[in-house]
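All of the numbers you see were taken from the coordinates with simple rules; none came from a lab. If you're wondering where the values come from, they're calculated on a predicted model, not measured in any experiment. Cβ placement follows ideal geometry from the backbone for every residue including glycine, while neighbour counts extend to all protein chains displayed.
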Amino acid sequence: MAGGREARSLGRDDSGVPMLTQPLKGLVLLFLCGALVEDATIFVLAWRLPELWFRWFHHAQPAGLETALLRRAAGQWAAFAIVQAIALLRWRVRPLWLVVVAGLRASDLLTDLSYIVAVPSLTTLGWALLVPPAFLNAAFIVVMMAAWRQVAGHDDARPIR
């Protein structure tokens, strides 16, 4: 009995198989589901209704290549949503998906920040909805990598031989 409790406290079930413990498991699900909904929503908005994007977030009408560039970003958000949906379905069986989605979100850290710095104007709604994702991406990465370490039993500071 004591061995079972000890195994669980170390992130393993009674048979020694690695498992994710709370609250990390809940955070993984929250971030994966939240990011999936966010990316699917902004994909649809940016691809199907770019004029609405520019009106809601910038009080402006798109001009020139702005719509094409927004739709290019929408393609990336669609890819994010697809990969996150796969990860949501597969991470319990293949925990490496946690690392995949962490890398995916890391690729968006600087794009989010550079957009906020470069954009000439943002509405209040724009500030409220476009600034937090950069910081949420950083938290997402930390949670996914912590979950990976727990289930894989990895210590990144220890070299693999």
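Starting with the fewest neighbours, write out W53, W127 ranked by other beta-carbon atoms found within 10 Å of each beta-carbon.
Ranking W53, W127 by Cβ neighbours within 10 Å, fewest first, gives W127, W53.
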Inter-label distance for L29 and L69, nm, one decimal - labels placed 7 Å from Cα along Cα-to-Cβ: 4.1
How far apart, in nanometres, would the label points at R92 and Q76 be if each is projected 7 angstrom from Cα along the Cα-to-Cβ direction? 3.3
Tell me, what HN-Hα J-couplings in whole Hz come from the Karplus equation 6.51 cos²θ - 1.76 cosθ + 1.60 at θ = phi - 60° for each residue of region 47-60, using x for Gly and Pro? 7, 8, 9, x, 4, 5, 3, 5, 5, 5, 9, 9, 6, 9
Residue by residue through region 27-35, which ³J(HN,Hα) values in whole Hz follow from phi under the Karplus form 6.51 cos²θ - 1.76 cosθ + 1.60 (θ = phi - 60°), with glycine and proline marked x? 5, 4, 5, 4, 5, 5, 5, x, 5
Run the dipole for region 23-152 about the Cα centre, Lys and Arg Cβ at +1, Asp and Glu Cβ at -1, nothing else charged, and hand back the magnitude in debye, nearest 20. 480
Would you please give the residues with an amide H less than 5 Å from that of V131, counting only those at least 5 places away or on a separate chain, with H modeled from the backbone geometry? none
Using amide H atoms built 1.01 Å from N in the peptide plane, name the residues 5+ places from H59, or on other chains, whose amide H lies under 5 Å from its own. T123
When V117, V131 are arranged by how many other beta-carbons sit within 10 Å of their Cβ, fewest first, they go V117, V131
Ordered by residue, what ³J(HN,Hα) values in Hz, to whole numbers, does region 74-90 give under the Karplus form 6.51 cos²θ - 1.76 cosθ + 1.60, where θ = phi - 60° and Gly and Pro are x? 4, x, 5, 5, 5, 4, 4, 4, 5, 5, 5, 5, 4, 4, 4, 7, 10
